[in-house]
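Chemist: Below: one structure in structure tokens.
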Amino acid sequence: MVLLTSLWRAITHTKALEESSGEMETTFFETVYRITYIAGFSNSDHGFFYKLYSNTVKLMIATFMVGEVWYMITFASSLDTVIEQLNATLIQVMALFRYKYMRMHEHVYKNLATSMQLSNLDTSTPARKALVDYWMEKSETYLKLMLGLGSLTLAVWYVFPLVDDIEYNLTVNLWLGVDWRRPSRYPIVYIIHIVAFHYTAFFIMVNDVIMQAHLIHLICQYTVLADCFENILDDCEKDFKGLSRDQLIRDSSFREVYISRLGLLVEQHKKILMHTMELRKIISPPMLGQVAASSLQICFAGYQVAMSENISNALYCSGWECGVATMAGVRARLMLVATRASKPIVLTAGGITELSLNSYSNLVKTSYSALTVLLGMRHE
């Protein structure tokens, strides 16, 4: 494990860590910077060999996406095939859209990463250090969970074309410009295709990893600041031993210390809010696109599932009235299929609730009611 860790650090040595504002940024974002570096999307490294590697990765991903779209336009023979291609294309286009916004607002993300270090947020007490450590561990855990689940999913995609019933198959359909369905060409094409698919998938995951790290970083700042506000009296009275709270309030020196610290905390809150508003502003268009893309994917999946409902119509038009229904066992089987097909097929979330407009509105109402109850209990 030590050898693997050393190797990982050696091959992912990025300038982003050298340009870090301090310990806080390094601790929160080290893994993110290293993953972004090895994926070929680091904005801090400008060396010749890394630029060559990065541009090669980007060209490969772009070629892969173009091949998928070209296949959909040229070779898709059914609506189901078009929908399958559109699902993959939507995910990739949204990743490109989000990446474009990240590059356009690169300075905002850098300010967010350095905000905790430069804001002089008070982490002097053991409780606040524990809060910072907690959110650092959470950030690392969520990152590993996301990448782990993504990698396991990709592993299944890689193996499936080799074990299905199709002699020459790839994980996704795309146009390559050559006839690769031959024993001599298929292994080479499959390996190249897997490499391109792998980088494309990790490009999508890197976008999510970056966003997740910045959001958890902001949550940590809010949590530490809340503890500072909650314990402001305890922090201010440390240098005023032997005085009661009533005596402290009448002490001019204590009032000066208290007002100074309160002003500092208010200013820090203002800065964190400013960073939050900046992040909300720049992720609003990508999130709108993400919601639209997700809605379209649900519609596509719903359409494909709903096609099963055409079974009853097809059964009715199957020519049963010509006398075949009088044959032994035919009538019962036809009725059985018609009964099964008449049951509406809907998508569900975990088998618990239907994915529909009514269920969505009920979910929003329930969430708001639960929030109201929790806030009421907290105030009590």
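The values are calculated or read from the model by the stated rules, or taken from the named source; none is laboratory data. Only a predicted model underlies this, so the values are computations on that prediction, with no experimental measurement involved. Heads up, the Cβs are rebuilt from the backbone with ideal geometry, glycines too, and the neighbour counts pull from every protein chain shown. Keep in mind that these areas ignore ligands, DNA and RNA; they rest on the heavy atoms of the full protein, side chains included. Shrake-Rupley method; radii C 1.70, N 1.55, O 1.52, S 1.80 Å.
Chemist: What part of the accessible area of the range 16-85, given as a whole %, is carbon or sulfur when the probe is 1.4 angstrom?
Modeler: Of all accessible area on the range 16-85, carbon and sulfur atoms account for 64 percent.
Chemist: Can you list the chymotrypsin sites (Phe, Trp or Tyr not before Pro) in the range 206-240 that are in a DSSP coil and have 16 or fewer other beta carbons within 10 angstrom?
Modeler: F240
Chemist: With every protein chain present, what is the per residue accessible area of the range 147-275 (1.4 Å probe, Å²)?
Modeler: Using a 1.4 Å probe on heavy atoms only, each residue of the range 147-275 averages 57 Å².
Chemist: Excluding V257 itself, calculate the net charge of residues whose Cβ lies under 12 Å from the Cβ of V257, where each Lys or Arg counts +1 and each Asp or Glu counts -1.
Modeler: Residues close to V257 contribute a combined charge of -2.
Chemist: I'd like to compare 176-189, 260-273: which one has the highest average count of other Cβ atoms within 10 Å, and what's the full order after that?
Modeler: Ranking, from highest mean packing down: 260-273, 176-189.
Chemist: What is the range 1-140's relative contact order, in percent, from Cα pairs under 8 angstrom and six or more apart in sequence?
Modeler: 28
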